[in-house]
Amino acid sequence: MPSALSRVVKSRLFFALVCLGLVLALDVVVFAITNQQNFFKIELSPANTLTGPLMQILYWAPELVILAMGMTLVASCSAGADISVGSVMVLSGAVGIKILGGNNIENFKVEEYAVPLVLAFGAFIAVGALCGVWNGFLVAKLKVQPMVATLILFIGARAAAKVVTGGTILRVEPKSFRWLGNYITDSEGNNIFPVPTQVFVAIVVVAATALVLRFTALGTNIQSVGINAKASKIMGIRSDRTIWLAFVFCGVCAGIAGIIMTSKISSIDSQWGARMIELDAILAVALGGNSLAGGKFSLAGSVVGAITIQALKTGLLTAGVRAEQMPFYQAIVVVIIVIIQSPELRPMASRTLARMRKFSGKKVVKS
């Protein structure tokens, strides 16, 4: 039994679940203090939607869950992060809506579709994939450090989105555009499913990612390259190709997340859209028990980490923390996680405890 407990404690998912449990406990306390409704209460509204704090978390978490999938693979094989995902989301949204509206954009509104909606959504994903190809080329072929390589699109993609939109907020009027980011409705405007559509999109992305990594060599290659790129090359694994594929996949995830983001608000805001979401994605990977230094990874842990972040945001907003203050608290969590994951922390703590025991032993002898 102790050995089984030890295996559970050492699991990556254990750390992620503990963090989620602590955040949910904090939310329960915050909702009780502020006299809000029961945190775990879920009701069916007259509009045929499930409402409650937990459903609010599920409503806002899917974009982050999808981004965390791509960020997990990038962190695992390159020991770095793609900090451009937020800007890529905005750029894909700008291009997609521009294509969707075509010549039908008047007064910064898309009154009717110029192309089929599916084709526009394909443009979202294509833009994300192209951005991933660029980032992967810089990291895998030119050996640029991931943070520096993706900094280019972190700045440039958002600026390009402003050029595409003319520095304005483009809005989409047809209600069908909102389906992937909200609820599917019938001809009378009634919700068909009580659960937000983006939840199912996130489930499909996570399941597809897990299946590909499970039944192909890509998952093993990514972990092998992350642990030791030189040894992987000797074994015949193309480390550059593996890293490149990881960045392309991360770009695709950003494109899909861009669809949900723009669909949710029926518009694209190149200035404030997806602002700082790259920090959330990195934090989700870390909270999931994944090492930011590369190596083995856990997709389930990243999903739990993404939900934990959204639960934390919900609690902080309920406690009265303003949205612009949120990155400060998230940065504190990132620092704590990085310190905990440091390979030097445990030896340092052991040496400190040994000195304390030695010092206390000397005091006892002197007395």
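The values are calculated or read from the model by the stated rules, or taken from the named source; none is laboratory data. Note that this is a predicted model, so its numbers are computed, not measured. Neighbour counts are summed over all protein chains in view; Cβ atoms, including those assigned to glycine, are modelled from backbone coordinates with ideal geometry. Just the protein is used for accessible areas: all its heavy atoms, side chains included, with ligands, DNA and RNA removed. Shrake-Rupley method; radii C 1.70, N 1.55, O 1.52, S 1.80 Å.
Applying the set (1) in contact with a Pro (Cβ under 9 Å, 6 or more places away or on another chain); (2) at pLDDT below 95; (3) open to solvent by 10 Å² or more (accessible area, probe 1.4 Å) to residue 83 leaves exactly one unmet item: (2). Annotation note: Cβ proximity below 6 Å between a residue of the stretch 133-160 that is free of Cβ contacts under 8 Å to residues at least 24 places away in the same chain and a residue that is not in a helix (DSSP H, G or I) (sequence gap 6+ or interchain) occurs for 138/144.
When 203, 184, 234 are checked against the criterion of being at pLDDT below 90, on the phi < 0 side of the Ramachandran plot and out of contact with any Ser or Thr (no Cβ under 9 Å at 6 or more places or on another chain), 234 stands alone in meeting it.
When the stretch 222-238 is examined, which residues are found to be touching a residue at least 60 places away in the same chain (Cβ under 8 Å) and in contact with a helix residue (DSSP H, G or I) (Cβ under 7 Å, 6 or more places away or on another chain)? Result: 222, 223, 225, 226. Report yes if residue 78 is touching a helix residue (DSSP H, G or I) at 6+ places or on another chain (Cβ under 8 Å), farther than 16 Å from residue 278 by Cα and of a type in the set (S, T, N, Q), otherwise no. In short, yes. Considered as a group, the residues in the stretch 165-189 that are touching a strand residue (DSSP E or B) at 6+ places or on another chain (Cβ under 7 Å) and polar (S, T, N, Q) include one that is nearest to residue 121 (Cα to Cα), and that residue is 165.
Results for (1) in contact with a helix residue (DSSP H, G or I) (Cβ under 7 Å, 6 or more places away or on another chain); (2) assigned by TED's automatic domain parsing to the domain that holds residue 282; (3) within 17 Å of residue 167 (Cα to Cα), shown as yes or no for each residue.
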residue: 61; (1), (2), (3): yes, yes, no
residue: 72; (1), (2), (3): yes, yes, no
residue: 91; (1), (2), (3): yes, yes, yes
residue: 106; (1), (2), (3): no, yes, yes
residue: 110; (1), (2), (3): yes, yes, yes
residue: 114; (1), (2), (3): yes, yes, no
residue: 118; (1), (2), (3): no, yes, no
residue: 129; (1), (2), (3): yes, yes, no
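Selection of first residues in the stretch 67-87 that are among the basic types (Lys, Arg) and of second residues that are surrounded by fewer than 24 Cβ atoms within 10 Å (Cβ to Cβ), restricted to Cβ pairs under 6 Å at least 6 apart or on distinct chains, gives an empty result. Do we find a residue being open to solvent by 70 Å² or more (accessible area, probe 1.4 Å), within 17 Å of residue 306 (Cα to Cα) and not basic (Lys, Arg) anywhere in the stretch 180-199? No, the stretch 180-199 contains no residue that is open to solvent by 70 Å² or more (accessible area, probe 1.4 Å), within 17 Å of residue 306 (Cα to Cα) and not basic (Lys, Arg). Residue 286 - would you say it is open to solvent by less than 10 Å² (accessible area, probe 1.4 Å) and not acidic (Asp, Glu)? The answer is yes for residue 286. Among the residues making up the stretch 127-144, those that are part of a helix (DSSP H, G or I) and either farther than 17 Å from residue 91 by Cα or open to solvent by 50 Å² or more (accessible area, probe 1.4 Å) (or both) are 130, 133, 134, 136, 137, 138, 139, 140, 141.
Going by the structure shown, is residue 274 under 16 Å from residue 85 (Cβ atoms), outside any helix (DSSP H, G or I), within 17 Å of the chain's Cα centre (by Cα) and among the aliphatic types (A, V, I, L, M)? The answer is yes for residue 274.
Residue check: residue 300 meets all listed conditions (1) closer than 21 Å to residue 86 by Cα; (2) at pLDDT 85 or above; (3) open to solvent by 20 Å² or more (accessible area, probe 1.4 Å) but one, namely (1). Would you be able to say whether some residue in the stretch 197-210 is under 30 Å from residue 293 (Cα atoms), touching a Cys at 6+ places or on another chain (Cβ under 6 Å) and in contact (Cβ under 8 Å) with a residue 12 or more places away in the chain? For the stretch 197-210, residues under 30 Å from residue 293 (Cα atoms), touching a Cys at 6+ places or on another chain (Cβ under 6 Å) and in contact (Cβ under 8 Å) with a residue 12 or more places away in the chain: absent. In the stretch 239-266, the residues that are within 19 Å of residue 154 (Cα to Cα) and open to solvent by less than 10 Å² (accessible area, probe 1.4 Å) reach residues that are assigned to a helix (DSSP H, G or I) and among the charged types (D, E, K, R) with C-beta atoms within less than 9 angstrom, at least six apart or across chains, in these pairs: 257/63; 258/63. From the list 89, 71, the lone residue that is of a type in the set (A, V, I, L, M, F, W, C) and under 21 Å from residue 207 (Cβ atoms) is 71.
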